[in-house]
Amino acid sequence: EPEVTQTPSHQVTQMGQEVILRCVPISNHLYFYWYRQILGQKVEFLVSFYNNEISEKSEIFDDQFSVERPDGSNFTLKIRSTKLEDSAMYFCASSPRKVTGIYQPQHFGDGTRLSIL
Amino acid sequence: AQSVTQLDSQVPVFEEAPVELRCNYSSSVSVYLFWYVQYPNQGLQLLLKYLSGSTLVKGINGFEAEFNKSQTSFHLRKPSVHISDTAEYFCAVTPRTGANNLFFGTGTRLTVIP
């Protein structure tokens, strides 16, 4: 069964540095998402992406964050200047083309644990 | 706006006993409802979903959930748990229209005791 893959599984970065988290969605999927989960807290929506642009974003997704689909297969999340509070597990998800009246579930990757020192 | 409340942060239960994990939601629009499971160091796996029709939905691994519109609840149940069911369980909702972003509860850690 096709999977969403995320790399790296664990990223350690110094505060203030830029970090890029990478995701390879399932190949025929068209909708892409990033979520994060701070240790011990709930999973929170960050951003959704469709047709090469952001569809929706949460309050968390401020100017320090950006997303990109640089080559038609990867979907990346960039944090420009990391802060201690960015330490979390980041999940990528994808879903297929929408069919009117039929919900298409999101498929999640195993996540990247980001640790800011 | 949508919000999801999982009242129990931790639920210990003996092996082969039944379990219910509670979930309540609030939303100003119609939503789809989901339960996801997260095993240690893994991503989120969809257990089951309610889209429409019968309010009792069955999922993988013997789990089922019942949608109660009047009580805005979507409780998860299993009649007999196994050790392998030990995991974190998340209830989630998404609006029926729009980008289908998921809104999660805070999770319930189910620990099955041998």
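Overview of values
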item	result
Two-decimal Rg to Rh for chain A - Kirkwood Rh, Cα set	0.96
Accessible area of chain B divided out per residue, in Å², using a probe of 1.4 angstrom	46
Total charge dipole magnitude, the stretch B:9-114, about the Cα centre, Cβ charges on Lys, Arg, Asp, Glu only, Debye to nearest 20	360
Total accessible surface hidden between A and B, rounded to 100 Å², 1.4 Å probe	1700
Sparsely packed GluC sites (Glu not before Pro) within the stretch A:32-84, loop by DSSP, other Cβ within 10 Å at most 16	A:Glu59
Subset of A:Lys57/A:Lys98; A:Lys42/B:Lys49; A:Lys57/B:Lys58; A:Lys98/B:Lys78; A:Lys57/B:Lys69 violating a 25 Å alpha-carbon distance limit	A:Lys57/B:Lys58; A:Lys98/B:Lys78; A:Lys57/B:Lys69
Chain-alone versus full-assembly comparison, the stretch B:31-45, residues with accessible loss of at least 10 Å² (1.4 Å probe)	B:Tyr32, B:Phe34, B:Tyr36, B:Gln38, B:Asn41, B:Gln42, B:Gly43, B:Leu44
Residues in the stretch B:62-77 that a label on B:Ser54 would reach, taking backbone N under 19 Å of a point 7 Å out along Cα→Cβ	B:62-69, B:74-77
Carbon + sulfur, % of accessible area of chain B - ligands and nucleic acids excluded, 1.4 Å	52
Heavy-atom accessible area ranking, 1.4 Å probe, most first, across B:Ile60, A:Ile116, A:Ile60	B:Ile60, A:Ile60, A:Ile116
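The values are calculated or read from the model by the stated rules, or taken from the named source; none is laboratory data. Please read all numbers here as calculations on a predicted model, not as lab measurements. Here the Cβ is made from the backbone with ideal geometry for all residues, glycine too, and neighbour counts use every protein chain on show. Surface areas here come from the heavy atoms of the whole protein model, side chains and all, with no ligands, DNA or RNA. Shrake-Rupley method; radii C 1.70, N 1.55, O 1.52, S 1.80 Å.
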